[in-house]
Every structure is written in structure tokens, then in C-alpha cells.
1. Given the options M1, V39, I50, identify the residue whose Cα lies farthest towards the positive end of the charge dipole of the chain (+1 on Cβ of Lys, Arg; -1 on Cβ of Asp, Glu).
2. In nm, to one decimal, how far is the Y26 label point from the L57 one, both placed 7 Å along Cα→Cβ?
3. Across the chain, what fraction of all alpha-carbon pairs, as a whole percent, falls in each successive 5 Å bin from zero upward?
4. Averaged per residue, what accessible surface does the chain expose to a 1.4 Å probe, in Å²?
5. Using a Gaussian network model on the chain with a 10 Å cutoff between Cα atoms, which of Y42, Y13, Y26 fluctuates the most?
6. State the percentage of accessible surface on the chain attributable to carbon and sulfur atoms; use a 1.4 Å probe and exclude ligands, DNA and RNA.
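The values are calculated or read from the model by the stated rules, or taken from the named source; none is laboratory data. Not measured: the values here are computed from a predicted model. Because the Cβ atoms are built from the backbone with ideal geometry, glycine has one as well, and the counts that use them run over all protein chains shown. The protein model used for the area step is the full one, side chains on, heavy atoms only, and it has no ligands, DNA or RNA in it. Shrake-Rupley method; radii C 1.70, N 1.55, O 1.52, S 1.80 Å.
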Amino acid sequence: MSKVIDCFKVENYMVLKVDEMPKRGYNKFRIEGIEFDPVPIYDMPQCIAIESNKQFLNKVIEFI
């Protein structure tokens, strides 16, 4: 699990900067019990993107 240390909105997506990326593969993210499909993102280390307009600062992300 990782913690969101920064987040910002880009159109219909939230980009979440996390404190640590998982060492294994994953297909989805779970934040506060809600599952999200990953959105491809490039050239942004330690970041993931999801389709959402909610703020997730300081939330815990489970990579599943």
C-alpha cells in the first residue's frame, strides 16, 4: 500500500503522486473501498492516474 502525497486534476482525471510504487504488477487501485482502473500515464515518476474528480491527498492506495 502507498500513500498519496500530492494530487492534481487534468481534465477528467486525477493524477496522484504516491510515496512508493509497488514492486509487483497490478490491474486496479483501491482507495477508500472504491476500485479504479488505471489510466496510462508516462514520464511522471511515482505517479498514477484515475478517472475521478475527488481529492485523495493523504489517502492510502491499495494496488490490486
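1. Checking the options against the dipole of the chain, the answer is M1.
2. 2.1 nm
3. In order of increasing distance, the bins hold 4, 19, 34, 31, 10, 1 percent.
4. That works out to 68 Å² per residue.
5. Greatest mean-square fluctuation among the candidates belongs to Y42.
6. Answer for the chain is 49 percent, counting heavy atoms of protein chains only.
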